[in-house]
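Report on the following structure.
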Amino acid sequence: MSELVRFGVSVDSDLLQQFDQLIGGMGYANRSEAIRDLFREKLVEQEWETPGKDIFGVVSIVYDHHTMGVHRRLTELQHESYVKVISTMHVHIDHQNCLELIVIKGYGNEVRELGEKLISLKGVKYGRLNLGTTGQSVK
Ligand code: NI
């Protein structure tokens, strides 16, 4: 870890009060840690847009397994993609519904593309793509 640097920031008092309330509710012990996390968040978001950089994504979907072909198509999409499928977890929620978590790694545009294809598939009731980082560019 490099040395710590202190710097001053000018901010509107109302905005600072709102920020303090927000981070207090999130469990931050102090502003510094919350601000460090904001820095990291922005750096990771930039990484998602950088061509040629690997990122991680977690796709979570809920679907009705009685819908014809949905499970087969979900599997085909993963096999057809250039993105590496690292792991999948399947949970039989109840008689009708399944939850699937799919961890994928690849370039940002490819991870987004596969995530969006999986989520928009007919029979998928709910889907979300969370983008992550390999951690290489964030200190
Ligand atoms: Ni199931």
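Values in this text are rule-based calculations from the coordinates and carry no lab data. Since this is a predicted model, take the numbers as computed values, not measurements. Glycine also receives a Cβ, built like all others from the backbone with ideal geometry; neighbour counts cover every protein chain displayed.
Of the residues 101, 28, 15, the one whose Cα sits farthest toward the positive end of the charge dipole of the chain, with +1 on the Cβ of Lys and Arg and -1 on the Cβ of Asp and Glu, is 101. Relative to the longest principal axis of the Cα atoms of the chain, helix 70-80 runs at roughly 70 degrees. Segment residue 79..residue 67, full-extension length gain: 2.3 nm, with 0.36 nm per residue of separation and the alpha-carbon distance subtracted. Per residue, the convex hull around the alpha carbon atoms of the chain comes to 160 Å³.
Relative to the longest principal axis of the Cα atoms of the chain, helix 108-119 runs at roughly 50 degrees. For the chain, the longest principal axis of the Cα atoms and the long axis of helix 31-49 meet at an angle of about 40 degrees. This model, with +1 at the C-beta of Lys and Arg and -1 at the C-beta of Asp and Glu, gives the chain a dipole about its Cα centre of some 300 debye. Couplings for the stretch 6-20, taken from phi via the Karplus curve 6.51 cos²θ - 1.76 cosθ + 1.60 with θ = phi - 60°, read 9, 9, x, 10, 8, 8, 4, 4, 5, 5, 5, 5, 4, 4, 4 Hz in order; Gly and Pro are left as x.
In order along the stretch 122-127, the Karplus-derived 3J(HN,Hα) couplings, from 6.51 cos²θ - 1.76 cosθ + 1.60 at θ = phi - 60°, round to 4, x, 7, 8, 8, x Hz, and Gly and Pro are given as x. The label-point distance for residue 19 and residue 7, in a model that sets each label 7 Å from Cα toward Cβ, rounds to 1.2 nm. For the stretch 27-97, the dipole from Cβ point charges (+1 on Lys and Arg, -1 on Asp and Glu) about the Cα centre works out to 120 debye, to the nearest 20.
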